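Enquirer: Got a structure for you, questions after.
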Amino acid sequence: MENNVLYIVVPCYNEEEVLPETSRRLREKLEQLMQAGKIDERSRIMFVNDGSKDRTWELIEELHAQCRLFCGVNLSRNRGHQNALLAGLMTAKSRADMVISMDADLQDDINAVDAMVDKYLEGVDIVYGVRSSRKTDTFFKRFTAEGFYRLMNALGAESVFNHADYRLMSRRALEGLEQFKEVNLFLRGIVPMIGYRTDTVEYERGERFAGESKYPLKKMLAFALEGITSLSVKPLRLITGLGFLVFAVSIVMIIYNIVRWATHATVSGWASLSCSVWMIGGLILLGLGIVGEYVGKIYMECKGRPRFIIRDVLDDGEEGR
Ligand code: UDP
Ligand code: MG
């Protein structure tokens, strides 16, 4: 039981309506896991207050004062879900052996925690919670969300289908995550880049039991765009492809124009104009695409991502000689 300290990290933004119930259920779950001997007594539930405007932080302080199982992190202001989550993960990293992240609204079935911990005990480093169905989501939400995953993958952002931010990460996986220095944060795209042994656990996604979604359509679209543009430079490469295409068409057009011109089937001046429109259009797009390639390289370089993460080193020599 030495190395089984579990931290459950929960980002909270204006969640005063759900916190009492969430904390009650999470505490029950944690105590149950402790009694079963699966996790250490030092395990905790960590609420991250993301600059809430309501009584969320006061509630977290009260919870902490009442029960040692609860702890809290208070951000200086609202920084958004992903940043709040990262703040929690990084704070928990040095105290825990495994960390599970979940939303405050209990939409993620907390009974999946048992299966996640079991997988960790089997030696898995990252366990993704995957939605088995979206029955409770509206058609609109389901359609947009699933379309989003497909688009992401098509645009080169590797991510786990139907997985949000409900996952377990081991300490060394978090240490890997720490090496990603990017400011444009899209965790569910970065986590698969870490590597190590991964697995999934299925769960049913329920409805938010109180309060409103903090992710209206506008935020969701911004999030999708953020995901695509922060993970891949494929959109830039599309311009290069388009340039090649238009350029190829321009060559066909030139041949066609010459034939038309030679057979005197054109008004004078048409052939040269039409040729240059296609040709120059193609060349401009191609030029843009090439510039884009370099911009993309610069973009990726300045993220300063780790080029590798070492799992083990086998060596008899001592370090630091
Ligand atoms: N959240 C946050 N900061 C924000 C917005 C949301 O920490 O700026 C938290 C929120 O408290 C919740 C989680 O992110 O725990 C997911 O938000 P929500 O349930 O509203 O999103 P949805 O499930 O509707 O996608
Ligand atoms: Mg929710």
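The values are calculated or read from the model by the stated rules, or taken from the named source; none is laboratory data. Note that this is a predicted model, so its numbers are computed, not measured. Using ideal geometry, Cβ is built from the backbone for each residue, glycine included, and neighbour counts are taken over all protein chains shown. What goes into the accessible areas is simple: the full protein's heavy atoms, side chains included, and nothing from ligands, DNA or RNA. Shrake-Rupley method; radii C 1.70, N 1.55, O 1.52, S 1.80 Å.
Enquirer: Which residues, taken from region 66-79, are buried (at least 16 other Cβ atoms within 10 Å of the Cβ) and closer than 25 Å to N3 by Cβ?
Expert: Once the filter is applied, which keeps residues that are buried (at least 16 other Cβ atoms within 10 Å of the Cβ) and closer than 25 Å to N3 by Cβ, region 66-79 yields L69, F70, C71, G72, V73.
Enquirer: From the residues in region 49-65 that are in a loop (DSSP other than H, G, I, E, B) and farther than 21 Å from L86 by Cα, which one is least open to solvent (accessible area, probe 1.4 Å)?
Expert: Looking at the filtered set, the residue picked out is D54.
Enquirer: Give the residues of region 232-275 that are within 30 Å of I190 (Cβ to Cβ) and open to solvent by 80 Å² or more (accessible area, probe 1.4 Å), sorted by residue number.
Expert: If the condition is that a residue be within 30 Å of I190 (Cβ to Cβ) and open to solvent by 80 Å² or more (accessible area, probe 1.4 Å), then K234, R237, L238, L242 are the ones that fit.
Enquirer: Given the options Y13, Y7, name the one that is under 25 Å from P216 (Cα atoms) and either open to solvent by 40 Å² or more (accessible area, probe 1.4 Å) or more than 16 Å from ligand 2 (Cβ to nearest atom) (or both).
Expert: One residue alone meets the criteria, Y13.
Enquirer: Going residue by residue through region 34-48, is there one that turns out to be within 16 Å of ligand 2 (Cβ to nearest atom) and crowded, with 22+ Cβ neighbours inside 10 Å?
Expert: yes
Enquirer: Moving on. Is at least one residue of region 282-290 open to solvent by 50 Å² or more (accessible area, probe 1.4 Å), out of contact with any Cys (no Cβ under 8 Å at 6 or more places or on another chain) and either more than 30 Å from M193 (Cα to Cα) or at pLDDT below 80 (or both)?
Expert: There is at least one residue in region 282-290 that is open to solvent by 50 Å² or more (accessible area, probe 1.4 Å), out of contact with any Cys (no Cβ under 8 Å at 6 or more places or on another chain) and either more than 30 Å from M193 (Cα to Cα) or at pLDDT below 80 (or both).
Enquirer: Now for a separate question. Which residue is nearest to ligand 1 (Cβ to nearest atom), if the candidates are limited to region 191-232 and must be among the small types (G, A, S) and assigned to a loop (DSSP other than H, G, I, E, B)?
Expert: If we take residues in region 191-232 being among the small types (G, A, S) and assigned to a loop (DSSP other than H, G, I, E, B), then S213 is nearest to ligand 1 (Cβ to nearest atom).
Enquirer: Out of everything in region 180-190 that is assigned to a loop (DSSP other than H, G, I, E, B) and open to solvent by less than 60 Å² (accessible area, probe 1.4 Å), what residue ends up being nearest to R79 (Cα to Cα)?
Expert: Only one residue fits best here, namely L185.
Enquirer: Hey, among V48, V117, V99, V113, which residue is within 11 Å of ligand 1 (Cβ to nearest atom), at negative phi and either touching a Leu at 6+ places or on another chain (Cβ under 7 Å) or touching a residue at least 24 places away in the same chain (Cβ under 8 Å) (or both)?
Expert: When all the criteria are applied, what remains is V48.
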